[in-house]
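Just below is one structure, and these are the notes that go with it.
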Amino acid sequence: GVLIKEPVFESGFNAFRSLDEELEREANTQAIAAEAGLAPRVIALETTPGKSPQLFMEDIRDKYMKSNEAYTEINTDDENDAFKPYSSVGNKTDVRLQTAQQVGELALRGVALQDRNAGNVFIHKMTGRPKQIDFGIADQVTRGSREQIEALMGATADGFSAAGLNDIGEIFEMTVMRLIKEGDFESAFDVAKQGFSRLQKIKRTSDLQGMG
């Protein structure tokens with residue numbers, strides 16, 4: 001089976017696109033992420049006159065589950081331990097870190113992905129590695145543009161925060177924003193890429209030696 005999605009408009013976002021254009025844009029941005037292994041594959045985009053367009057994508061529910069389901073307490077049928085966290089899917093903070101790293105990677109590939117929440121992040125049931133769904137609030141951005149720089153900066157700052165490196169994240173974000181305000185996009189992009197490269201070296205939130 002496949003997951004099916006119909007377009008849902010966010011207030012104030014891409015308000016002038018038709019339903020067909022909106023879902024085609026979403027399919028294209030998701031295809032970029034899928035090629036990188038960060039999202040389910042797009043199976044088909046169907047547009048039928050008189051009907052709402054539909055996006056068909058790979059069904060990943062046999063191996064993945066929503067992160068908001070993985071970290072709720074579940075009944076284990078054990079009278080002495082009736083509820084405990086789902087324990088086979090890794091660390092919740094690591095999922096947040098890895099999600100930021102994936103969003104940053106997408107920014108480098110020219111996709112500014114927003115709206116990351118527990119319902120839009122699936123995690124592998126065995127490894128805990130996240131996969132991104134719902135590209136309804138995403139756009140393709142031009143290399144070196146302000147939009148790309150800000151997307152990469154935001155993902156990197158989120159990743160540093162997830163890793164508990166708030167001071168580094170704040171200094172990094174302030175530096176990039178100062179360069180953007182000065183109109184020096186080339187330097188801002190270089191600093192954003194350097195910060196993201198540093199973030200990528202963190203494999204786990206406990207793997208922080210030498211990062212301070």
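The values are calculated or read from the model by the stated rules, or taken from the named source; none is laboratory data. Everything numeric in this text was worked out from a predicted model, so none of it was measured. Using ideal geometry, Cβ is built from the backbone for each residue, glycine included, and neighbour counts are taken over all protein chains shown. SASA here: full protein model, heavy atoms, side chains in, ligands and nucleic acids out. Shrake-Rupley method; radii C 1.70, N 1.55, O 1.52, S 1.80 Å.
Every residue in the range 32-43 that is touching a helix residue (DSSP H, G or I) at 6+ places or on another chain (Cβ under 9 Å) and without any contact (Cβ under 8 Å) to a residue 40 or more places away in the chain, please. Reasoning before the result, please.
As a first pass, look at the range 32-43 and keep what is touching a helix residue (DSSP H, G or I) at 6+ places or on another chain (Cβ under 9 Å): 32-33, 36, 38-42.
Passing the criteria: Arg41, Val42.
Restricting attention to the range 137-151, report how many residues are assigned to a helix (DSSP H, G or I) and among the small types (Gly, Ala, Ser). I'd like the intermediate steps shown before the answer.
At the first step, the residues of the range 137-151 found to be assigned to a helix (DSSP H, G or I) are 146-151.
So of that shortlist, the ones also among the small types (Gly, Ala, Ser) come out as 151.
Residues flagged as assigned to a helix (DSSP H, G or I) and among the small types (Gly, Ala, Ser) within the range 137-151 amount to 1.
Please go through the range 158-191 and pick out each residue that is assigned to a helix (DSSP H, G or I), out of contact with any Phe, Trp or Tyr (no Cβ under 8 Å at 6 or more places or on another chain) and of a type in the set (A, V, I, L, M, F, W, C).
Ala162, Ile171, Met174, Val176, Met177, Ile180, Phe185, Ala188, Phe189
Do the conditions hold for Asn91, that is, is it within 27 Å of Ile43 (Cβ to Cβ), modelled with pLDDT under 95 and open to solvent by 60 Å² or more (accessible area, probe 1.4 Å)?
On the way: within 27 Å of Ile43 (Cβ to Cβ): no; modelled with pLDDT under 95: yes; open to solvent by 60 Å² or more (accessible area, probe 1.4 Å): yes.
Criteria not met by Asn91.
For the range 41-56, which positions are under 16 Å from Arg25 (Cβ atoms), at pLDDT below 80 and either in a strand (DSSP E or B) or open to solvent by 70 Å² or more (accessible area, probe 1.4 Å) (or both)?
Thr47
Can you tell me which residue is nearest to Lys63 (Cα to Cα) among those in the range 101-124 that are assigned to a helix (DSSP H, G or I) and open to solvent by less than 10 Å² (accessible area, probe 1.4 Å)?
Checked the range 101-124; the qualifying residue nearest to Lys63 (Cα to Cα) is Gln102.
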